[in-house]
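Asker: Have a look at this one.
The values are calculated or read from the model by the stated rules, or taken from the named source; none is laboratory data. Given the structure is predicted, the values throughout are model-derived calculations rather than measurements. Every residue, glycine as well, gets a Cβ built from its backbone with ideal geometry; the counts of neighbours run over all protein chains shown. Accessible surface areas use protein heavy atoms only, side chains included; no ligands, DNA or RNA. Shrake-Rupley method; radii C 1.70, N 1.55, O 1.52, S 1.80 Å.
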Amino acid sequence: MKNINISCATGRAYDRGFTFIELVVTLAVISIVMLIAVANINTGRSEALNGAREFKTALSYARSESLNRSRTVVVCASSTAMDNDSLACGGSWHQGWLVFVDEDGNDAPAVSELLRRHAGLSNSVSVTAAATSVEFSSRGFSSSAVDFRFCTSEDASAGRTISLAASGRA
């Protein structure tokens, strides 16, 4: 014979366990928390991927312009990419970069030589490379073969690598 517990207050029988509504509410709360966690992870990944995509576009543009103009075009890391008063190469790739025609051959950008500029990436994105500048000759060849690695601080394994060959192709 089965023992049935009866509530003294209501006189109804009850079993131990969860009601259907409690189960649905719990699953809904867990689902919302999981969606927020996944969204945050994907945001960091997409920032790294977007940064890599924009950088590859800058490299392709620089190569194209070097061929069109028959001049040396430089892409360099710049911490002052958005400042006309102190336009200079130097710094880290995640701080920004410049694309300029090196008309006078001094490897330094001037406002009149500037083709494009890119503001810095999110602080959660890091860029590692063996070079802080790349030159494309008038024939479209790169000054060196370099790998650029774009990663996020949340997930270093979820990055993107852009390989620039000496032929100038990225």
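Asker: Based on what the data block shows, is T26 more than 20 Å from F136 (Cβ to Cβ), open to solvent by 50 Å² or more (accessible area, probe 1.4 Å), at pLDDT below 85 and among the hydroxyl-bearing types (S, T, Y)?
Answerer: Taking the combined requirement at face value, the residue does not satisfy it.
Asker: Here is a follow-up. Which one of these does R149 not meet: (1) at pLDDT 85 or above; (2) open to solvent by less than 80 Å² (accessible area, probe 1.4 Å); (3) within 15 Å of V75 (Cβ to Cβ)?
Answerer: (3)
Asker: Next up: Under 9 Å between Cβ atoms, at least 6 apart or on separate chains: pull out the pairs that start in the stretch 50-72 with a residue that is closer than 17 Å to S143 by Cβ and end on any residue that is in a helix (DSSP H, G or I) and modelled with pLDDT under 90.
Answerer: Hits for this filter: F55/W93.
Asker: Shifting gears a bit: If I ask for residues that are open to solvent by 80 Å² or more (accessible area, probe 1.4 Å) and among the hydroxyl-bearing types (S, T, Y), which ones from the stretch 88-127 would you list?
Answerer: If the condition is that a residue be open to solvent by 80 Å² or more (accessible area, probe 1.4 Å) and among the hydroxyl-bearing types (S, T, Y), then S112 is the only one that fits.
Asker: Hey, another quick one. Being surrounded by 15 or more Cβ atoms within 10 Å (Cβ to Cβ), at pLDDT 85 or above, among the acidic types (D, E) and assigned to a helix (DSSP H, G or I), is that true of even one residue in the stretch 41-50?
Answerer: No, the conditions are met nowhere in the stretch 41-50.
Asker: Let me ask another. Name the single residue, out of those in the stretch 99-130 being in a strand (DSSP E or B) and farther than 15 Å from F148 by Cβ, that is nearest to the chain's Cα centre (by Cα).
Answerer: Out of the qualifying residues, it is A119.
Asker: Still on this structure, I have one more. Counting just the residues of the stretch 72-87 that are part of a loop (DSSP other than H, G, I, E, B) and within 18 Å of F55 (Cα to Cα), which one comes out most open to solvent (accessible area, probe 1.4 Å)?
Answerer: Residue satisfying both the conditions and the ranking: M82.
Asker: I'm told S167 meets every condition in (1) over 19 Å from L67 (Cβ atoms); (2) open to solvent by 20 Å² or more (accessible area, probe 1.4 Å) except one. Can you identify the failing condition by its number?
Answerer: Single failed check for S167: (1).
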